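The values are calculated or read from the model by the stated rules, or taken from the named source; none is laboratory data. Note that the structure is predicted; figures quoted are calculated from it, not measured. Cβ: placed from backbone, ideal geometry, glycine included. Neighbour counts: every protein chain shown. In case anyone asks, the SASA skips ligands and DNA or RNA and just uses the protein heavy atoms, side chains included. Shrake-Rupley method; radii C 1.70, N 1.55, O 1.52, S 1.80 Å.
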Amino acid sequence: MVYRNLSSQASDYPDYELTNVPYTTGTNTAAATHPEIMEKSTKPTAAATKPWYDPRGWSLLTKSLVAAGVVVAIVALIVGLVEGLKSSSYPDYSALSYTLSREYSGSSFFDEFDYYTATDPTDGFVQYVDSSTASELNLTYASSSRAVLRVDTSTSNQTSGRRSVRVTSKETYENGLFIFDIVHTPYGCATWPALWLTDPNNWPEHGEIDVLESNNKGTHGNAMTLHTTSGCKMNVKRKETGSPTYTNCLNTANDNAGCGVTGGKATYGQAFNENGGGVYAMELRDAGIRVWMWARDEIPDDISNSSSSPDPSTWGEALADFPSTNCDISSHFTNQSIIVNIDVCGDLAGASTYYTDLYGCPDTCTQWAAENGANFTNAYWEFNSFKVYQTSSGASTTATTTSSMAGATSTAASVGTTSADAASTTTQAQSQGQGEGEGDSSSQQQQGQQGQQQQQQGGQ
């Protein structure tokens, strides 16, 4: 074995003593000597550097809240789109081919109506008389050119109610175009007149259409209103020149006000009468219900010309429009009879809000009505005719009538009396003591009138 002398070669090896290893005391030594180490050690984690809008950095609670918010937003968007489409939608009122179905005119006008004689369901100070009494007192009469329905003016003091008339057509209708040629509308303190359609035995299930309604002095225009069961609203797009009131037609909403439209002052009462009267047209169809009114010198040719077929699509915007957008017309209005009446006082005309505050009528309503028969000289309806037009698929039906049914008025009015004729007939009517009337159809009054008429119908 050979032993080397290592000592002689020691200088040839590197020095492995600790003095050759970089070393200092303290925690900043490494950073000072190797700054890249500190940079890596202080760099934030991946989650901490995510932007706020990056869900990968959200907590579970945050994600749940955001998801719920998105769902709510989507639902709101869908509802908004549906409601938006509904509010901008409008039914198709395209032209229909109408032919004359029935005409109420001439001396036989009232032969087509039943006289209502039961107690007034709206608490009126009135005695509705039968046909023979009405004829004896001259409260209803008809000639070849006109028909009149009025309040009794002959008795000075009627303690149990002033005598008047309410008639209901024997014929009933599911739909149609009704033309009412009217020379004179009733007005005057204590009066509450109306021309309307309903099924007296099934109210409000079969609906009610008020074509004309007012109360007392009738200086606030005509009130046109619908009364229905639930599911019929007019909070939708409408094309009308009148002023809408409530949009919910439900009979129990807003104190039975119904959904109504009020016309201008010349659509009813003294102003309407002094213009020679005019024509009202009401169209009842699946697309909706519309009402037009024309002064005597503005009646469309297809109405004034008896040989023509009326075409509502050419008449322009209606005075009142009740579209089917949010109301199934055919299910809410059926088996409709035409009704004409003049109530006295009652829940509407006799209310102090209208009788005293609005119209400034004297005494109390019942006292005035009982003691001042001569002051009812303007409380009468005068008609030239009613005409009902229907399509071939819209035939009318005959309703079963009873002695308790409300008296009727017919539908559809023909046009054609000149202003001179109107004046002469009015004078004639007054000389015969044809009543005095009422008429007022502010939106408030309209609502009350409608609710009370509904009660009348239901009571029959």
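The table below gives the values:
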quantity	calculated
Selection within region 145-161 - closer than 19 Å to HIS184 by Cβ and either open to solvent by less than 20 Å² (accessible area, probe 1.4 Å) or within 32 Å of the chain's Cα centre (by Cα) (or both)	ARG146, ALA147, VAL148, LEU149, ARG150, VAL151, ASP152
Residue check for ALA142: aliphatic (A, V, I, L, M), open to solvent by less than 10 Å² (accessible area, probe 1.4 Å) and at pLDDT 95 or above	no
Tally, over region 316-345, of residues that are open to solvent by less than 10 Å² (accessible area, probe 1.4 Å) and either within 30 Å of LEU149 (Cα to Cα) or assigned to a strand (DSSP E or B) (or both)	17
Hey, ALA295 under 20 Å from ALA223 (Cα atoms) and open to solvent by less than 10 Å² (accessible area, probe 1.4 Å) or not	no
Hits in region 244-258 (condition: open to solvent by less than 70 Å² (accessible area, probe 1.4 Å) and on the phi < 0 side of the Ramachandran plot)	THR245, THR247, ASN248, CYS249, LEU250, ASN251, ALA253, ALA257
Odd one out for TYR246 among (1) in a loop (DSSP other than H, G, I, E, B); (2) within 22 Å of ALA295 (Cα to Cα)	(2)
Qualifying residue in region 105-118 (condition: at pLDDT 95 or above, more than 30 Å from SER307 (Cβ to Cβ) and touching a helix residue (DSSP H, G or I) at 6+ places or on another chain (Cβ under 6 Å))	yes
Sole residue being touching a residue at least 24 places away in the same chain (Cβ under 8 Å), touching a Leu at 6+ places or on another chain (Cβ under 6 Å) and under 30 Å from TYR116 (Cβ atoms), chosen from PHE272, PHE322, PHE333	PHE322
Matching residues, region 371-397, being open to solvent by 10 Å² or more (accessible area, probe 1.4 Å), outside any loop (DSSP other than H, G, I, E, B) and at pLDDT below 95	GLU371, ALA374, ASN375, THR397
Subset tally (residues that are part of a helix (DSSP H, G or I) and either open to solvent by 30 Å² or more (accessible area, probe 1.4 Å) or out of contact with any Asp or Glu (no Cβ under 7 Å at 6 or more places or on another chain) (or both)) for region 298-315	6
Boolean, GLY276 is of a type in the set (Gly, Ala, Ser), open to solvent by less than 10 Å² (accessible area, probe 1.4 Å) and not in a loop (DSSP other than H, G, I, E, B)	no
Residue satisfying condition, being over 30 Å from ASP297 (Cβ atoms) and basic (Lys, Arg), within set LYS170, LYS239	LYS170
Only one of THR252, THR219, THR247, THR241 that is touching a helix residue (DSSP H, G or I) at 6+ places or on another chain (Cβ under 8 Å) and not acidic (Asp, Glu)	THR219
Condition broken by GLY57, with the remaining ones in (1) at pLDDT below 95; (2) within 30 Å of ASP347 (Cα to Cα) satisfied	(2)
Members of region 168-226 found to be open to solvent by 10 Å² or more (accessible area, probe 1.4 Å), in contact (Cβ under 8 Å) with a residue 40 or more places away in the chain and either not in a loop (DSSP other than H, G, I, E, B) or not hydrophobic (A, V, I, L, M, F, W, C) (or both), listed by number	LYS170, GLU171, GLU174, ASN175, TYR187, ASN201, ASN202, PRO204, HIS206, LYS217, THR219, HIS220
Residue within region 117-124 that is open to solvent by 30 Å² or more (accessible area, probe 1.4 Å), without any contact (Cβ under 8 Å) to a residue 24 or more places away in the chain and among the small types (Gly, Ala, Ser) present	no
